[in-house]
Ligand SMILES: [Cu+2]
């Protein structure tokens with residue numbers, strides 16, 4: 001009889017990570033694509049944090065706790081309604097796991113035997129699919145196909161051995177448009193049992209997703225096809241995103257997963273070049289990697305980047321699609337750029353005293369106006385707002401966060417704004433400089 | 001006085017002759033009665049004196065009133081001083097008074113060619129030939145009775161006229177207030193469309209919208225200006241209507257308090273039909289005329305003469321034979337007191353009675369409708385006060401917030417403003433209709449059927465919210 005593992009060996013090509021495949025020693029002709037460091041059919045003691053792996057950091061998120069029962073790692077996910085805050089001033093009634101949107105990161109080690117209980121406290125039936133995880137078919141969590149749905153009040157048990165390492169995901173696989181649109185998803189990190197490459201000092205996990213929340217409403221609109229107006233990292237949009245903090249000289253890894261409904265995200269990191277080292281399919285052989293400053297994370301995929309934090313500063317890290325760094329932007333408005341509205345303003349004073357012409361110079365000032373209380377905003381909305389930065393207003397929202405690299409860190413909490421050495425700070429040109437260099441303004 | 005015989009006739013005649021000598025031709029008592037009645041029922045005071053000449057300082061007083069902002073009360077005051085129809089009505093009292101005096105005089109064939117009977121062609125206008133003087137004396141008590149009833153009818157009619165005038169002035173006053181407020185709201189609407197148009201112009205000049213969008217906004221602005229002119233003409237009409245009632249000419253300068261008051265309560269009056277019947281001055285006048293007619297026909301039984309309509313509208317006709325004085329016919333065989341004439345008299349009385357019944361039914365119906373209208377208008381006003389206007393206010397507020405959030409553009413914002421203005425206009429119309437319905441009920445309770453139905457609405461030009469251009 002041909003086993004599943006045999007099937008992989010027969011069909012798999014010479015793929016990424018083949019050099020690491022200790023398990024393939026007895027059959028060098030067919031290797032699985034996914035990454036392994038040990039024989040997946042071996043028996044291993046459950047991997048322990050800080051002994052077998054360096055725990056990951058999920059900015060704005062958390063890691064799912066476990067207990068070890070008879071050599072099995074036991075987790076408990078509870079799908080339930082969660083009141084979730086996207087950023088100060090914007091929250092919504094979402095669905096998540098264990099009180100979090102998105103769900104906590106599940107951390108395991110290659111070779112672990114895991115048992116995950118899933119309790120459904122939603123009104124709707126649900127399932128959990130282990131995205132990218134090599135599991136027996138009956139554990140795959142596709143509603144109707146792999147199992148019947150978990151009904152309200154029921155608890156299902158999923159159990160499997162972790163045959164791979166890498167960055168993976170989990171999400172509802174029942175009525176996905178609704179349930180993923182409401183937030184039912186999370187990240188899975190499987191650490192290698194016997195890592196062959198250096199372990200990062202800082203290991204971050206970021207789930208990318210998108211939402212449709214009209215200003216003034218309190219629930220994601222899951223009927224939307226493409227008008228998503230809140231773009232998030234770990235279900236937070238800037239200025240709600242926590243910074244990624246690293247000490248100068250540390251090896252930093254950032255694992256991105258994208259479960260947005262309709263959008264891929266080219267995530268750009270300022271101040272660095274990095275290697276894309278893994279996908280949810282497995283590890284990319286060193287020889288196949290190439291340097292990047294932007295990593296495209298397609299829908300339904302994960303990408304892992306690694307770099308050395310050798311350039312101190314506050315570094316923007318964001319999706320490079322400009323709409324994806326706007327919060328709750330409206331699109332059904334006339335194009336105001338460059339128009340002279342002085343004649344309109346005159347008429348409006350008597351008619352609507354609180355009126356203010358906007359958009360003739362673009363949208364950059366809007367957040368500032370809101371911040372300064374010049375304009376009444378709809379309840380529960382953060383339209384296009386950014387945040388006050390060290391020098392000026394940061395006109396960014398959405399899928400935007402900051403990597404903070406410092407020479408000396410006391411801890412990993414937000415170290416505040418970076419103070420650039422004076423000679424390295426952009427500033428207004430002096431007259432002398434202009435004259436010296438023959439610049440006419 | 002039905003049993004006349006020749007013996008008593010002379011006694012009566014002498015008495016009448018004595019009385020008529022001191023009868024005044026000034027309708028002092030009548031005017032004072034009318035004045036009291038009007039005051040009792042409307043709170044307004046008639047300022048004319050019984051000589052029926054305008055008060056001396058009338059122009060001074062009118063000027064003094066007009067120098068201040070006109071209120072409903074002061075407008076009524078001017079109308080009571082100055083309305084030309086009112087002078088004519090007062091003159092009626094003088095006529096009635098004169099008739100009454102005349103009725104007491106013995107006809108002088110040398111100087112008097114005819115006896116005037118207000119009802120027109122009655123049997124008293126007989127060719128009495130040589131018996132004229134004797135009959136004059138004979139008929140003095142009868143003539144006096146008739147003239148007295150006629151004068152009573154006139155008093156009721158004049159009082160009714162004054163009450164009607166007061167109601168008309170009040171209606172005209174609120175109509176003008178409404179028209180002015182509507183006009184002001186049109187001004188706002190035009191500012192709003194001007195802002196839309198200017199926005200379109202700015203965007204067009206910046207190259208951000210096409211000519212189609214620009215022209216559409218401009219067109220809408222032009223349309224709104226046209227509608228404003230409609231509003232202007234309504235104000236002019238309403239002002240002239242009030243001018244006419246106040247007896248002022250167009251050139252007279254005056255302003256009136258702008259805002260229609262908002263009513264704070266509505267008193268349901270389940271007994272309005274009974275009140276209307278009891279108060280009706282038209283019924284009073286009709287009764288007096290029936291009595292005059294009865295007297296003319298020598299009918300003794302007045303209870304049988306006046307039919308009664310229950311509030312439900314069913315008339316009780318008294319089928320009893322009227323008692324026409326047979327002694328009269330016997331005593332004066334000389335007269336042609338034939339069957340045809342009797343039949344005519346009966347038909348005339350029947351006609352008057354049927355009209356009287358019809359009037360009662362009409363009063364009941366109009367009172368019922370007026371009250372129902374008032375209730376409806378009250379609910380409408382309350383709807384605008386408690387629901388529509390606060391909601392529109394909030395909608396505009398929310399729209400501005402959505403505009404601030406850059407979810408919608410300026411055209412949508414201004415469209416919301418126009419919708420709010422339109423709601424404001426609808427409220428003004430509701431207020432006007434409420435007050436006119438209130439005036440109608442007041443008028444009915446004061447004893448007069450409204451000349452203009454309170455629910456009759458004239459053209460009510462309003463702001464159109466229009467369609468929103470822009471977007472992308
Ligand atoms: Cu993006």
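Values quoted throughout were computed directly from the atomic coordinates according to the rules given, and no laboratory measurement underlies them. These numbers were taken from a predicted model, which means no experiment stands behind them. Backbone-built Cβ (ideal geometry, glycine too); neighbour counts: all protein chains shown.
For the peptide A:208-219, the mean number of other protein chain Cβ atoms found within 10 angstrom of a residue's Cβ is 1. Our Cα-only numbers for the range A:91-139 put the radius of gyration and Dmax at 13.1, 39 Å. In the range A:259-388, the inverse of the mean reciprocal separation of distinct Cα atoms equals 18.5 Å; this is its Kirkwood hydrodynamic radius.
Note on the range A:67-323: antiparallel DSSP beta bridges, both residues inside, total approximately 75 percent of the bridges counted.
Counting pairs of alpha carbon atoms under 8 Å apart in space and at least six apart in sequence, what relative contact order in percent does the range A:96-252 give?
Relative contact order here is 24 percent.
Other protein chain C-beta atoms within 10 Å of residue C-beta, averaged over A:355-366: 3.
Can you tell me the 0 to 90 degree angle between the C-alpha axis of helix A:342-351 and the longest principal axis of chain A, rounded to 10? That works out to roughly 90 degrees.
Expected output is a single nm value to one decimal: the length gained when fully extending between residue B:266 and residue B:348, i.e. 0.36 nm times separation in residues minus the C-alpha distance. What is it?
Contour length minus the Cα-Cα distance gives 25.1 nm.
One quarter of the surface of the convex hull around the alpha-carbon atoms of the range A:67-323 equals 14.1 nm², the direction-averaged projected area.
Listed from fewest to most Cβ neighbours within 10 Å, the set B:442, B:168 follows the order B:442, B:168.
Counts of other chain beta carbons within 10 angstrom of each beta carbon in peptide A:371-380 average 3. Over chain A, DSSP H runs of length four or greater, each weighted -39,500 (n - 2.57), average out per residue to a 222 nm ellipticity of -2000 deg cm²/dmol.
Report the relative contact order of the range A:75-145, percent, no decimals, based on alpha-carbon pairs under 8 angstrom and at least 6 residues apart.
In percent, rounded to a whole number, it is 30.
Cβ crowding within 10 Å ranks A:310, A:112 as A:310, A:112, fewest other Cβ atoms first.
So what is the relative contact order of chain A, in percent, for Cα pairs below 8 Å that sit 6 or more residues apart?
Reported as a whole number, the value is 14 percent.
How much FRET efficiency would the formula 1/(1 + (r/R0)^6) give for residue A:424 and residue B:258, where r is the Cβ-Cβ distance and R0 is 60 Å, rounded to 0.05? Walk me through the numbers before you get to the answer.
Values: r = 68 Å, r/R0 = 1.13.
In this case the efficiency is close to 0.35.
Sorted ascending by nearby beta carbons within 10 Å, beginning with the fewest, B:71, B:296 become B:71, B:296.
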